[in-house]
Each structure stands twice: as structure tokens, then as C-alpha cells.
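Here, each number is a calculation from the coordinates, and none is a lab measurement. All values derive from a computational prediction rather than experimental measurement. Neighbour counts are summed over all protein chains in view; Cβ atoms, including those assigned to glycine, are modelled from backbone coordinates with ideal geometry.
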Amino acid sequence: MPSYKDKKTGKWYASFYYEKQAGQREKKMKRGFATKREALEWEREFLMQSSSNPEMKFSSFVEIYIRDMKQRIRETTYLTKESIIRKKILPFFSDMKMSDIAPKDVIRWQNEVMSYRDENGAAYSQTYLKAIHNQLSAIFNHAVRFYGLKENPAAKAGSIGEKNASTVNFWTTEEYKKFSYAIMDKPISYYAFEVLYWGGLRIGEMLALTAADIDLKNKTLNINKSYQRINREDVITPPKTKKSIRTISLSDFLCDELREYMKTLYGLNPEDRIFPITKSFMHHEMARGSKAAGVKRIKIHELRHSHISHLINLGFSAVAIGDRVGHESVEITYRYAHLFPSKQIEMADKLEDERSDFDDEIIG
């Protein structure tokens, strides 16, 4: 592993051949190192990365992991993963060898992220702590499955946080009506929130809606894509999951409102978005309307919770609700179980009736 000194600049550089693929040899060169040791270290790390040696540094394996995953997941998911890795994980593990990282190191990192407080003294949420740890564990799992690492130290250390620790906030119908009245001065805001609340759509699904997606004659809404703003550009992506692709029925009043709204969109083509606004605009309107209406501020995604809780109160099953909002019924049951009190009472009553019938048969 030779390195060389550039006589003109006084800097060191590495120059060597390596086997790229299928026996193909390729030359690699990198200049600008202050010392011979730095040049040799860079060459050593490059060769281990190219051969996927688990002795490589964590930072080098992360580049392999990102390369492997980037084309397999949605772009927004990739950007979220990369942000967590580079901001919450790499600063701690960057220079450690993959094979040297032990459960005790993961525990030290866990303690560090759990003790974090922002300028207002707020810690990371339990849900976010869970997401950060899951991402670290995913990196090690990838190394174990495909690159020869013996074990996942994050799995041995145990997880932190909770998946669904956050309280599910929602508005009652009365609270939503107060809010909607407060934003009627901006028609595009009013109609966009009507679709979110009464349709149960995700915000990306609502923002991606085109004229062709709305069938007012048959009173249906076709949901098959999602809108994202990535690197200051509008991007239309597939929906969050396969289950998210669905057609929902619209109530008469929502059809009438959409018909009225779309008449104001002059020159509207079938492929045009009917709500050409952004998520940041919607967040601003959420804050403005909540304050003006005097109702508690909730997140935009919690309008979806509000829609689901309203359907539960109307007596619909988890299966029916899951089909409408693009969730698996088991997820509806798990996350919103506390909102099914009438069903719990109904179950208890039926069990009581069966026991009474059994007792009557024994006594009789």
C-alpha cells in the first residue's frame, strides 16, 4: 500500500489499483493529504469498503447502506432515513469499526440521545427515539445479512422509545366546524380542509388530487398518488403503501362543494392539481384557523385521526374504516382500540347473555 508525496505541493497522495468487479482492475487516486499516514488510511478504508469488509469504519459502511437502499424506497422515506443517520447516528459512531461496535457502545449512544434537550428543555419524543434506534438497528441488520458482520449490537442492547407513545389528538365535529367557518375567507383553504376532514385523506394524497381523480357523477374519489415538495420542486410519488391506492365514496354535500369549487378553476385540465398549494401553506392555515376559531391546535395529520374517530363513533367496523383510509384493519384496531368503547360493552353484554343462558340450562 504505497503512498507518494507531490513535490510541487508538498502534499501526499494515494495511487493504487483495485479489483472493481468480475476481475476488472481499475486505478484509484486521491490527492491532498497532509501526511503519509492519512493517505494510507484513506487507501485502506477505500479497499475495505470496495470489498465490503466488516473491519471498515461505520461511516464507510453507511455509504454502502445508503447506496443499497436509495433505489428501493420512496424518495421521501430515503430523505428521512438519511437525515436521521447523518444528524443523530453518524456523529457518535462515525470513526468506529463496524466489527468493534459492541452493545455497550450502543447503550452509551442511547443514553446520549435520551438525555438530549432542545433550547426549550424538551426531550425527543418516545416515538422519535424509537425511530432513531430502529434506523441504527437497520444499518447493522443490513451488515449482518449481506456483508458478513457477525451480529447486530443494537438488537443486543435493546430498543428505546415506544412506537405509538404519542397521544392521538383529534377534533370533534363541533371543533372542526368552528375551524372551517374561520377559514372560509380563503376558499382554497376551506375546500382543501373539507376534503381532509370528511374524506380522511393524508395531506400528500389531497395535494396530489387532479380533476381526473374526481368523479362527481358516481360520487367517488380516486386516490393513487402523493404530492411532495423535494429540493424546492413539486414531486408526485406513488402513495405511501399499496393499501393506500383506493377509491372512496363521497357524501352528497362534499360532491356539491367540490363541484362548486372546481367551477372557479378556469381552464382546468384533467391532469391539473385542483389544490396547487404546499404543505407549508396548509400548516400556516391550520395555525391561523385554530387561533381564529378558539379551538385547540392539532397537527394536520390528526385531521385523519379525527375522521377515523368520527367513523368509529358512527359505528363502522375497523375493516370498513381501514378500506376507506388506506390502512390495514389490524392497524385501526390496534391504534384506535380505546375509541371502540361501545364494541367492548357490546362484547361484555353478549358474554353475559351467553353465561346466563348456560346457567339457566344447568339450573333447569
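For the range 143-261, taking Cα atoms only, Rg and Dmax work out to 20.3, 63 Å respectively. Among the listed pairs K81/K296; K36/K97; K30/K57, which have their C-alpha atoms separated by more than 23 angstrom in this model? As for pairs spanning more than 23 Å Cα to Cα, those are K81/K296. Subtracting the Cα-Cα distance of S159 and R259 from their residue separation scaled by 0.36 nm leaves 31.0 nm. The P(r) of the range 63-166 has a tail past 21 Å containing 35 percent of all C-alpha pairs. Note on I248 and V144: their simple-model spin labels are 3.9 nm apart, each label 7 Å out from Cα toward Cβ. Computed from the C-beta positions of F316 and S125, the FRET efficiency with R₀ = 35 Å rounds to 0.70. Here r is the Cβ-Cβ distance between K28 and A287 and R0 is 45 Å; the resulting FRET efficiency, rounded to 0.05, is 0.30. Global size of the range 161-215: 14.1, 44 Å for Rg and Dmax (C-alpha atoms, Rg to one decimal, Dmax whole).
Counted by neighbouring Cβ atoms within 10 Å, the residues E205, E174, E63, E302 run from fewest to most as E174, E63, E302, E205.
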